[in-house]
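Have a look at the structure below before the remarks.
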Amino acid sequence: MTGREGQSEHPNHRAAGGEGVASGREAAGGGAGWKPAPQDSPRGQGEGKRPRRSGWARAGERVIEGVIRTSGVSAVLFVLAIFFFVFREAAPVLFGGEHFKLLPFLFSVEWYPTSASNVRYGTLALTVGTFSVTALAMVLAVPFGLGAAVFVSEFCGPRLKETLKVVIELLAAIPSVVWGFIGLTVMSRLIVHFTGAPVGVNLLNGGIILALMSVPIIVSIGEDALKAVPDSYREAGLALGATRWQLVYRVLLPAARNGLLAAVLLGVGRAVGETMAVLMATGHAVNLPLGVFDSVRTLTANVAAELGEAPAGSDHYRVLFLTGVLLFSLTFVVNLVADLVIRGWRRK
Amino acid sequence: MNAPVRIEVRDLRLAYGTREALHGVSFDVHAHEILGIIGPAQAGKTSLLRCLNRTIDFTADARMTGSVKVDGVDVRQVKDVFGLRRKIGMVAPLPVGLPLSIYDNVAFAPRCAGLRRRDELEALVERCLRQAALWDEVKDRLHTLGTRLSGGQQQRLTIARALSHQPEILCLDEFSIAIDPVTTMRIEEVLKELRRTVTILLVTNLTQQARRLADRTLFLWKGELVELDRTEVIFSEHPRERRTYEYVNGMVG
């Protein structure tokens, strides 16, 4: 069988299955005059020498490989080093602070680091503040950002697309202090005017500002993820009679979902880590929020505002570093969960 | 050949930028026939098919003049281009398994067309996979990714997918390049069956395949239509054009 296929390069022979049924000329001829093809010796092309790479080329490759390996490993080292140095500052209070206990630190809402009579370090209100502002920001930013990414990538014309991308990148380049100003002045007045809330700097304000800051990231990363979907998928989907929207939600979103999740996570990362804008926009009151019009304080804003006043080496100073460790752990957990979610999808 | 005309192509010219790929092609396709389209590389075979369901629109610099009418309506005047594409099934030479499960791949087009009922969908998916000679190989793993199948299986998956929206016209572009001969024969049998309900355009590099299947065969050469006649005539000792004879017998091309 293989001999017969190897015998001829004629294209029709490759449809060999047909020959028997079609009983064409070639089939008849092929069956009668069958001869094994002459065997080439395995090293038949003995003429001429194989090209060889110079010693320099091989040494160069070693060096490049080494550099690449170092870069890869260093990423891990940096993360560990950051964790180590932050933790080193925090460790003394964790293992022997005078007024410090771990459980109240995590689960108490009472944050009185400078009280004369009764110092208390409870960060629950700050953690809840971080999470609530982030969650509100994502509720606003994810649909908006992904929608904008889909529009820019799939629906709008090439000229509008270029314009929008430039504007979105501009939006991403606005410094966070400027966003803080906008929150403090424009947004807070708007909130007071439209909702009648007593103060304009609150959870809602911070959420909106953070959403505005995360949207550009979500849009540009999300658009990249959609752009990475091969055009052949689009053509195949459309050739099957899908409308553009059907194409988006049946083909492109599933195909790009890992990239889109990465976009959302980077948005979350920005929102969790943002300091200055939330410091200015949320009202900076240590408070368990009961509604979107309550003021809150976040972990990051708390560190930024108090670290300058805490004497270096004091318990207060070290507790603030421990807050950093807590923040680090929280983002780590968020990323880990997202990673597991992706793995779960892949296995399917 | 008194069957009604399904597709009417008149003086179709297609240019990619400044390079013209089709230089004025005219022919008819009748209902319930298999029209074989043969010709060497760069003859314009695929471009011709892509004009029919307007997937040519995806190529930004493609310009199309002349007229292509499907059931009497010019495809460029069609309002509902999605409906047009549902009417025409298309199998591309390089299989593109959508990044969905095997089941969802086949159920894609019916779902887009609005079919929601589970039992109907399941029956349809099974029928299409059987027709594409793929059912036995995948029936136990319908919900794994279609892109994990081998090349030949993906090719058959695209055939099943093209059948899934019950097209009235089926365009096959080199459907058998990645499929073994035995399976090819099974699919060819299905195509012969389908002819009763579907009009088939079969682009193929395997001239013998056109000979086995096609009622009429069209020979394209560098963007022009050399000859269109009954398949027996094209593959006889005396087609009208010398070039046809030479190509079919492997002397050029």
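The values are calculated or read from the model by the stated rules, or taken from the named source; none is laboratory data. None of these values were measured; they are calculated from a predicted model. Don't worry about glycine lacking a Cβ; one is built from the backbone with ideal geometry, like all the others, and counts go over all protein chains shown.
Looking at B:Leu172, is it more than 9 Å from chain A (Cβ to nearest Cβ), crowded, with 20+ Cβ neighbours inside 10 Å, at pLDDT 85 or above and in a strand (DSSP E or B)? Spelling it out, B:Leu172 is indeed more than 9 Å from chain A (Cβ to nearest Cβ), crowded, with 20+ Cβ neighbours inside 10 Å, at pLDDT 85 or above and in a strand (DSSP E or B). Is it the case that segment B:83-106 has a residue that's among the β-branched types (Val, Ile, Thr) and touching a strand residue (DSSP E or B) at 6+ places or on another chain (Cβ under 7 Å)? Yes, some residue in segment B:83-106 is among the β-branched types (Val, Ile, Thr) and touching a strand residue (DSSP E or B) at 6+ places or on another chain (Cβ under 7 Å). One residue stands out among those in segment A:254-283 that are in a helix (DSSP H, G or I), touching a helix residue (DSSP H, G or I) at 6+ places or on another chain (Cβ under 7 Å) and free of Cβ contacts under 8 Å to residues at least 40 places away in the same chain: the one that is surrounded by the most Cβ atoms within 10 Å (Cβ to Cβ), which is A:Ala255. Within segment A:159-174, residues that are closer than 21 Å to A:Arg270 by Cα and touching a residue at least 40 places away in the same chain (Cβ under 8 Å) have Cβ atoms under 8 Å from residues that are of a type in the set (Gly, Ala, Ser) and in a helix (DSSP H, G or I) in these pairs: A:Lys165/A:Ser220; A:Ile168/A:Ala148; A:Ile168/A:Ser220; A:Glu169/A:Ser220; A:Ala172/A:Ser220, counting only partners at least 6 apart in sequence or on another chain.
Checked against the criterion of being polar (S, T, N, Q), closer than 21 Å to A:Met138 by Cβ, more than 26 Å from the chain's Cα centre (by Cα) and at pLDDT 90 or above, segment A:266-276 contains not a single residue that satisfies it.
Residue pairs whose Cβ atoms lie under 6 Å apart, separated by 6 or more positions or on different chains, with the first residue in segment A:182-195 and modelled with pLDDT under 95 and surrounded by 13 or more Cβ atoms within 10 Å (Cβ to Cβ) and the second not aliphatic (A, V, I, L, M) and not in a helix (DSSP H, G or I), are A:Ser188/A:Gly200; A:Ile191/A:Gly200; A:Val192/A:Gly200. Restricted to segment B:1-105, the set of strands (runs of 3 or more DSSP E) holding at least 3 residues that are within 22 Å of B:Pro167 (Cα to Cα) and among the hydrophobic types (A, V, I, L, M, F, W, C) comprises B:5-16, B:34-38, B:88-91.
The residues of segment A:314-348 that are surrounded by 11 or more Cβ atoms within 10 Å (Cβ to Cβ) and not hydrophobic (A, V, I, L, M, F, W, C), listed by number, are A:Ser314, A:Asp315, A:His316, A:Tyr317, A:Arg318, A:Thr323, A:Gly324, A:Ser329, A:Thr331, A:Asn335, A:Asp339.
Among the residues of segment A:45-84, the ones that are of a type in the set (S, T, N, Q) and assigned to a loop (DSSP other than H, G, I, E, B) come to 2 in all. When B:Pro167 is tested against (1) touching a Leu at 6+ places or on another chain (Cβ under 8 Å); (2) buried (at least 19 other Cβ atoms within 10 Å of the Cβ); (3) within 14 Å of chain A (Cβ to nearest Cβ), just one condition goes unmet, and that condition is (1). A:Ala125: under 20 Å from the mean Cα position of the chain (by Cα) and within 22 Å of A:Leu210 (Cβ to Cβ), yes or no? No, not satisfied.
In this structure, is B:Ala109 closer than 25 Å to B:Val203 by Cα and in contact with a His (Cβ under 6 Å, 6 or more places away or on another chain)? Yes, satisfied. Residues of segment B:65-78 include none that is within 14 Å of chain A (Cβ to nearest Cβ) and either in contact with a Phe, Trp or Tyr (Cβ under 6 Å, 6 or more places away or on another chain) or without any contact (Cβ under 8 Å) to a residue 24 or more places away in the chain (or both).
Hey, can you tell me all the residues within segment A:85-113 that are surrounded by fewer than 10 Cβ atoms within 10 Å (Cβ to Cβ) and part of a helix (DSSP H, G or I)? Selection gives A:Leu103 alone. Scanning segment A:53-84 for residues that are among the hydroxyl-bearing types (Ser, Thr, Tyr) and surrounded by 10 or more Cβ atoms within 10 Å (Cβ to Cβ) returns A:Thr70, A:Ser74. Among the residues of segment A:209-222, those identified as buried (at least 22 other Cβ atoms within 10 Å of the Cβ) and more than 15 Å from A:Asn258 (Cβ to Cβ) are A:Ile209, A:Leu210, A:Ala211, A:Met213, A:Ser214, A:Val215, A:Pro216, A:Ile217, A:Val219. Applying the criterion of being of a type in the set (Val, Ile, Thr) and more than 13 Å from the chain's Cα centre (by Cα) to the residues of segment B:185-231, the residue that is nearest to the other protein chains (Cβ to nearest Cβ) is B:Thr207. Take the conditions (1) of a type in the set (Lys, Arg); (2) more than 24 Å from B:Pro99 (Cβ to Cβ); (3) free of Cβ contacts under 8 Å to residues at least 40 places away in the same chain; B:Arg196 misses just one of them, which is (3). Within segment B:79-98, the set of residues being more than 27 Å from B:Thr204 (Cβ to Cβ) and within 8 Å of chain A (Cβ to nearest Cβ) comprises B:Phe82, B:Gly83. Going by the conditions given, is A:Leu288 among the hydrophobic types (A, V, I, L, M, F, W, C), within 12 Å of chain B (Cβ to nearest Cβ) and in contact (Cβ under 8 Å) with a residue 40 or more places away in the chain? Answer is no for this residue. If you filter segment B:232-243 down to residues that are touching a residue at least 12 places away in the same chain (Cβ under 8 Å) and within 22 Å of the chain's Cα centre (by Cα), you find that the one that is farthest from the other protein chains (Cβ to nearest Cβ) is B:Ile234.
Within segment B:151-169, the residues that satisfy the criterion of being closer than 14 Å to B:Thr199 by Cβ and either in contact with a Ser or Thr (Cβ under 6 Å, 6 or more places away or on another chain) or among the aliphatic types (A, V, I, L, M) (or both) are B:Ala162, B:Leu163, B:Ile169. For the condition within 28 Å of B:Thr46 (Cβ to Cβ), surrounded by fewer than 19 Cβ atoms within 10 Å (Cβ to Cβ), within 14 Å of chain A (Cβ to nearest Cβ) and basic (Lys, Arg), B:Arg148 qualifies. Residues that are within 14 Å of chain A (Cβ to nearest Cβ) and over 17 Å from B:Arg86 (Cβ atoms) occur at least once in segment B:118-139.
Only one entry of B:Ala178, B:Ala160, B:Ala132, B:Ala214 meets the criterion of being closer than 14 Å to B:Val91 by Cβ and modelled with pLDDT of 90 or more, and that entry is B:Ala160.
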